[in-house]
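A short write-up of the structure that comes next.
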Amino acid sequence: MNEAYLQGLAKQIPALNHTKWMSARNESALSSQVEAEGQQAASAGFNGTPSFLIGKTGGAAQKLEKNFAERPHALNEAIEKLLKEG
C-alpha cells in the first residue's frame, strides 16, 4: 500500500484524530506489533480479511475464514455452535 492510499482511507474516518494517527504510525513499538501480528496470522494460515480464530477460553482455537458478503451471519453461527458444545 502506498502512502496516498492510506491517507485517503484515513480521511474517510470521521472520528479519526489524524495527527495522532500519523504520529502513532511512526512509533517503532506499533510497527513491531503490527509485524508480529502479521507473522502470527501468516503462521495460522490466514491470507485475507476478515479472518478469525475462535474458541473457548483455554481451549483450542479454530480458524474461521468465510465470505461474509455472501454469509454475513457465519461468525455468529460459529460462535453459537461453540457455545452449544459445552
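Observations
- Of interest is the spacing of the C-alpha centroids, which for the range 60-76 and the range 13-56 amounts to 19 Å.
- Its Cα centre serving as origin, the chain has a Cβ charge dipole (Lys and Arg +1, Asp and Glu -1) of approximately 160 debye.
- Computed over the range 17-86: relative contact order in percent, which uses C-alpha pairs under 8 Å that are six or more apart: 18
- Cα pair count fraction exceeding 22 Å, expressed as % - the chain: 50
- For residue 77, net neighbour charge (Lys/Arg +1, Asp/Glu -1) across residues whose Cβ lies under 10 Å away: +2
- From helices alone, the chain scores -15500 deg cm²/dmol at 222 nm; the rule is -39500 (n - 2.57) for each run of n ≥ 4 DSSP H residues, then divide by the residue total.
- Against the chain, whose longest principal axis is taken from its Cα atoms, helix 28-43 shows a tilt of about 30°.
- In the elastic network of the chain, a GNM with C-alpha springs shorter than 10 Å, the most mobile of 14, 50, 72 is 14.
- You can think of it this way: the chain between residue 51 and residue 39 has 2.9 nm of extra reach, that is 0.36 nm per residue less the Cα-Cα gap.
Just so you know, all these numbers are worked out from the coordinates, no wet-lab data involved. From a predicted model like this one, the values you see are computed outputs, not experimental measurements. As a convention, Cβ positions derive from the backbone with ideal geometry for all residues, glycine included, and neighbour counts pool all protein chains shown.
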